[in-house]
Amino acid sequence: MRFELTKDFLDQLRLAIVEENNTWIIEHIHELHFADIADLLDQLNNEEAKYVYFQLSEDVQADVLMELEEDIRDRFLKSLSSKEMADQLENLDSDDAADILGELPEEKIQEVISQMEDDEAAEDIVELLNYDEDTAGGLMQKEFIKAKMSWPVNRCLVELRRQAENVENVYTIYVVDDANRLVGLLSLKRLLFADIKTHISDLYQKKNIISVKTNDSSDDVAKIMYKYDLVSIPVVDLQNKLVGRITIDDIVDIIKEQADKDFQMATGISDKIESNSSVWRVSRARLPWLLIGMLGGIFAANVISGFTDQISHIPTLALFIPLITAMGGNVGVQSSAIVVQALAKGTDQFDRIFKRLTKEALVGLLNGTFLAAIIYGIATFFGNAILGMVVSISLFVVIIFAGIFGTLIPLILNKYKIDPALATGPFVTTLNDVLGLFIYFTVGILLYS
């Protein structure tokens with residue numbers, strides 16, 4: 001049955017904390033899913049959360065810690081002593097522990113590492129800290145299952161049982177040679193049904209082995225795992241020696257972070273913003289794009305000022321200015337969003353780009369024709385047939401140009417290694433506003449003259 005967090009439950013929990021009723025806490029909390037426990041701790045203050053947290057078993061603590069909101073987890077960990085933090089990190093997977101330590105100052109990292117009793121775990125964490133966090137090496141964990149191709153099945157089973165003690169989820173058995181070079185994958189089913197004297201070299205899969213290098217970017221890893229529908233992927237060094245694995249939960253985190261970043265970028269926020277970010281940081285992230293929007297508004301006003309005589313003679317032209325700017329911006333954002341999505345999946349070949357441009361032009365023709373026909377009747381009702389022609393022709397041209405620009409701009413930004421998500425925000429909207437107004441008034445002058 002799914003747990004539902006209520007105010008009454010929180011009140012009872014706070015009362016149990018005040019009365020130090022550990023029996024009630026263990027009885028009502030310990031059996032919950034760790035994600036539900038994390039939600040509970042998010043609702044408590046730091047001291048209350050610490051009290052409940054330390055009533056949990058070590059395995060549950062590790063899972064709960066990684067489910068906490070990032071800002072709450074950081075605040076919680078900073079309130080622990082170096083020894084307490086070291087004890088918590090020893091219960092985590094190596095990649096999660098490295099991620100947490102990587103946010104700390106260098107002196108604090110050394111202090112925490114020195115307090116760890118598990119030397120092997122400490123070595124793994126230190127090794128991971130040497131990789132850039134945005135690479136496969138920074139994402140990987142050191143806990144995985146491997147078998148040597150020279151082992152017979154009976155020895156392999158013994159070795160795998162020993163290794164599995166430190167591995168929470170066993171997705172794949174990696175096969176290596178005597179030099180620890182990755183040579184293939186082993187099916188658990190084939191291993192279980194094989195004769196105990198059979199060697200692993202006769203069982204493992206040798207073809208189509210998908211792996212990544214330690215210096216591959218996290219984006220490349222995400223694309224590879226998405227393309228081949230993998231739940232885990234081995235990581236090898238430049239000598240093809242097996243050094244770790246990346247699991248799907250880490251890639252989901254990367255995809256979520258990238259989606260959050262793209263969403264913020266599309267709305268005109270350039271820096272990563274968290275719920276606890278300072279007013280100054282939030283303001284600094286938003287201000288550049290507000291300035292771009294204001295600059296675009298100035299250009300748009302300048303375009304309108306060049307046609308004041310025409311507007312004074314034909315006031316009804318002003319009625320459809322918001323329509324032209326809004327439609328241009330909407331079409332541009334729609335087109336750029338589709339292209340940005342395609343680029344995120346690794347679709348950037350020239351032939352596909354050309355097909356995308358052609359498709360957007362055809363979509364613009366179809367939508368432009370349909371909308372222009374509708375607006376012709378409406379504009380004619382408000383003014384006359386000439387006004388209807390001006391608005392309908394302008395809208396038709398604006399929709400086609402906005403679709404093409406919305407496709408081209410993210411492609412150009414991507415070519416110059418600039419995040420194409422910028423194209424779905426104020427950048428493309430402002431450009432289409434100015435262009436749309438210029439087209440509108442130019443068509444108006446030509447037809448009315």
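Each reported figure results from applying straightforward, stated rules to the coordinates on display, with no laboratory input. Predicted model only: the values in this text are computed from it and were never measured. Ideal geometry is used to build each Cβ from the backbone, glycine not excepted, and the neighbour counts take in all protein chains shown.
Taking Cα pairs under 8 Å and at least six residues apart, what relative contact order does the chain come out at, in percent? Don't jump to the answer; show the numbers that get you there.
Working: 567 pairs, mean separation 49.0, N = 449.
Over the chain, the number comes to 11 percent.
When ranked by the protection proxy of mean other Cβ atoms within 10 Å per residue, highest first, what sequence do the peptides 243-256, 365-378 form?
Numbers: 243-256: 19.1, 365-378: 15.4.
In descending order of packing, they fall as 243-256, 365-378.
I'd like the Karplus ³J(HN,Hα) series for region 379-387: coefficients 6.51, -1.76, 1.60, θ = phi - 60°, whole numbers in Hz, and an x wherever there's a Gly or Pro.
5, 5, 5, 6, x, 8, 5, 5, 4
Ranked by Cβ crowding within 10 angstrom, fewest neighbours first, how are 202, 124, 36 ordered?
Starting with the residue having the fewest Cβ neighbours, the order is 202, 36, 124.
If amide hydrogens are placed 1.01 Å from N in the peptide plane, which non-local residues have theirs closer than 5 Å to the one on residue 147?
174, 175, 176
Can you tell me, using C-alpha contacts under 8 Å and at least 6 residues apart, the relative contact order of region 145-246 as a whole percent?
Values: 157 pairs, mean separation 27.2, N = 102.
Taking the mean separation of contacting Cα pairs over the length of region 145-246, I get 27 percent.
How far apart, in nm, are the 7 Å Cα→Cβ label points at residue 54 and residue 382?
The answer from the label model is 6.9 nm.
Rounded to whole Å, give me the distance from the Cα center of region 69-90 to that of region 47-65.
11 Å
Taking the chain as a Gaussian network, where each spring joins two C-alpha atoms under 10 Å apart, which residue of 217, 201, 81 fluctuates the most?
81
Report, in degrees rounded to the nearest 10, the 0 to 90 angle that the Cα long axis of helix 58-67 makes with the longest principal axis of the chain.
Long axis of 58-67 versus the principal axis of the chain: about 10 degrees.
Name the residues whose placed amide hydrogens come within less than 5 Å of the amide hydrogen of residue 244, ignoring near sequence neighbours (fewer than 5 apart) on the same chain.
Amide H neighbours of residue 244, under 5 Å, 5+ apart: 235.
Can you order the peptides 99-107, 127-135 by their average number of other Cβ atoms within 10 Å per residue, highest first?
So the order, starting with the most tightly packed, is 127-135, 99-107.
State log₁₀ I(q)/I(0) for region 279-448 at q = 0.13, 0.14, 0.16, 0.17 Å⁻¹ as given by the Debye formula over alpha-carbon point scatterers of equal weight, solvent excluded.
For region 279-448 at q = 0.13, 0.14, 0.16, 0.17 Å⁻¹, log10 I(q)/I(0) is -0.68, -0.77, -0.93, -1.01.
Using alpha-carbon pairs under 8 Å, 6+ residues apart, how would you state the relative contact order of region 74-177 in percent?
Values: 95 pairs, mean separation 25.2, N = 104.
Across region 74-177, relative contact order equals 24 percent.
Which ³J(HN,Hα) values in Hz, rounded to whole numbers, follow from the phi angles of region 212-221 under the Karplus curve 6.51 cos²θ - 1.76 cosθ + 1.60, where θ = phi - 60° and Gly and Pro get x?
Along region 212-221, the couplings run 10, 8, 4, 9, 5, 6, 5, 5, 5, 4 Hz.
I need two numbers for region 68-215: Rg to one decimal and Dmax as a whole number, Cα atoms only, in Å.
My reading of the Cα-based Rg and Dmax gives 18.3, 54 Å.
In whole Hz and in residue order, list the ³J(HN,Hα) couplings for region 38-49 that follow from phi through the Karplus curve 6.51 cos²θ - 1.76 cosθ + 1.60, θ = phi - 60°; x for Gly and Pro.
4, 4, 4, 5, 4, 8, 9, 6, 4, 5, 5, 4
Taking the Cα atoms only, what angle lies between the long axis of helix 248-266 and the longest principal axis of the chain, rounded to 10 degrees?
For helix 248-266, the angle is close to 20 degrees.
Could you order the peptides 161-170, 312-321 from most to least packed, using the average number of other C-beta atoms within 10 Å per residue? Present the calculation step by step, with values, prior to reporting the outcome.
Values: 161-170: 12.1, 312-321: 14.7.
Ranking, from highest mean packing down: 312-321, 161-170.
Could you tell me which label, among [x] 4, 21, 32, 27, 13, 2, 0; [y] 4, 18, 25, 25, 19, 7, 1, 0; [z] 4, 15, 19, 19, 16, 13, 9, 4, 1, 0, carries the value of P(r) over Cα pairs in 10 Å bins from 0, in percent calculated for this structure?
Evaluating P(r) over Cα pairs in 10 Å bins from 0, in percent on these atoms matches [z].
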